[in-house]
1. Quick check on region 167-180: of everything there that is more than 12 Å from the chain's Cα centre (by Cα) and at pLDDT 95 or above, which residue is nearest to Met69 (Cα to Cα)?
2. Mind counting the residues in region 69-96 that are out of contact with any Gly (no Cβ under 7 Å at 6 or more places or on another chain) and closer than 14 Å to Gly155 by Cα?
3. Output the number of residues of region 149-164 satisfying the condition of being farther than 28 Å from Ala55 by Cα and either touching a helix residue (DSSP H, G or I) at 6+ places or on another chain (Cβ under 9 Å) or buried (at least 23 other Cβ atoms within 10 Å of the Cβ) (or both).
4. Pairs under 8 Å by beta carbon, first residue closer than 16 Å to Thr85 by Cα in region 49-68, partner of a type in the set (S, T, N, Q), six or more apart or different chains?
5. So which strands (runs of 3 or more DSSP E) stay within region 76-163 end to end and still have 3 or more residues that are in contact with a strand residue (DSSP E or B) (Cβ under 7 Å, 6 or more places away or on another chain) and either among the hydroxyl-bearing types (Ser, Thr, Tyr) or in contact (Cβ under 8 Å) with a residue 12 or more places away in the chain (or both)?
6. Considering region 51-75 alone, what residues qualify as being out of contact with any Leu (no Cβ under 9 Å at 6 or more places or on another chain), outside any loop (DSSP other than H, G, I, E, B) and either of a type in the set (A, V, I, L, M) or surrounded by fewer than 15 Cβ atoms within 10 Å (Cβ to Cβ) (or both)?
7. Looking at (1) touching a helix residue (DSSP H, G or I) at 6+ places or on another chain (Cβ under 8 Å); (2) not in a loop (DSSP other than H, G, I, E, B), which is the only condition Tyr167 fails?
8. All but one of (1) of a type outside the set (S, T, N, Q); (2) closer than 23 Å to Glu75 by Cβ; (3) touching a Lys or Arg at 6+ places or on another chain (Cβ under 8 Å) hold for Leu174; state the number of the condition that does not hold.
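The values are calculated or read from the model by the stated rules, or taken from the named source; none is laboratory data. In this text the structure is predicted, and so the values were computed from the model without any measurement. With ideal geometry, Cβ positions are generated from the backbone for all residues, glycine too; neighbour counts draw on all protein chains shown.
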Amino acid sequence: MADDGNGVIYRIAHSAGKPGNLTAMAPAGPMRDQANEGNGVPLANKRPETQSTGALTVSSPSFKAGSAMNQKYSEYADGVSPALTRKAVPNAKSYAIIMEDPDAKPVTPFVHWLAWNIPANVASLPEGLQEQPRLTDPEGVVQDRNTRGSMGYYGPKPPVGDKPHHYHFQVYALDTMLDVPFGADRDQLLQAMQGHLIGKGELIGTYAQKQKPQK
C-alpha cells in the first residue's frame, strides 16, 4: 500500500499474468474505484467534453492568479474553500466548478472539488462553503465526491517538501441545469456537461508545504 500525501491510500491489485494496478481507497473506508481518474488523464479543461469557444473570467479575493494560496485553504490547516468570483456569460442557466491538481502522484490529476448547478444569478461563492452534497446557501448548488472520496472541497495537501503544486479552479457556463446522480465523479459530471458548454475559464493558485505543521 502507498499514500499519495493527499490522504488517499492506494492498494496494488494483481491478476494472473498481469502487473499490479493502483486502486484508490478512501481513508478508513471502503476501496474506491478511481479508474476514470487514472494517471496521465488531461485536466477537465483539456477534455473533449469541455470544448467551448466562449470565454469566462474567474477571479478570487482569496488569492491572486498564479500566486500561492494561504495555508488556511489547505488540508494542513482549516481546509476551507476560497472565495470565487466570475463574470456573467450571456444565456447561461448554470455554472459548474472542477478543481484539479495536475502535479499530484500517483493519481493525475487529483480532483479536489466538484460543484454544479450554481445558479446563473450567483456571481460569487463565499469562502468556506459547507462540505455537503446540496447547499442551501447558495441555494441549489450540488457538490460531490473528490478523489479522496469525500464530498465538497478538499484543500491542497501536497507531500511535505514538494515543489509548489498548481490548483486549477475550472469554471464552466452551461445552457442548462444538470441532472447528475448522487455520488457522481468527475467523468460523470463531464459527460453530463458535454454539449451544453457556452463558456469556460480558470483560475490557478499554487501551494507547497515546506515543513510539517506544528501540533
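1. Here is the first cut: in region 167-180, the residues more than 12 Å from the chain's Cα centre (by Cα) are 172-180.
So of that shortlist, the ones also at pLDDT 95 or above come out as 172-178.
On the way: Tyr172: 22, Ala173: 25, Leu174: 28, Asp175: 31, Thr176: 32, Met177: 31, Leu178: 30 Å.
Across region 167-180, the extreme among qualifying residues is Tyr172.
2. Number satisfying all stated conditions: 8.
3. 2
4. As it stands, the answer is Val58/Thr85; Ser59/Thr85; Ser60/Thr85; Pro61/Thr85; Ser62/Asn70; Phe63/Asn70; Ala65/Ser59; Gly66/Thr206, since those pairs meet every condition given.
5. On the way: elements: 84-86, 94-101, 110-119, 134-136, 139-143.
The strands (runs of 3 or more DSSP E) meeting that bar are 84-86, 94-101, 110-119, 139-143.
6. Ala55, Ala68
7. (1)
8. Among (1) of a type outside the set (S, T, N, Q); (2) closer than 23 Å to Glu75 by Cβ; (3) touching a Lys or Arg at 6+ places or on another chain (Cβ under 8 Å), the lone unmet condition for Leu174 is (2).
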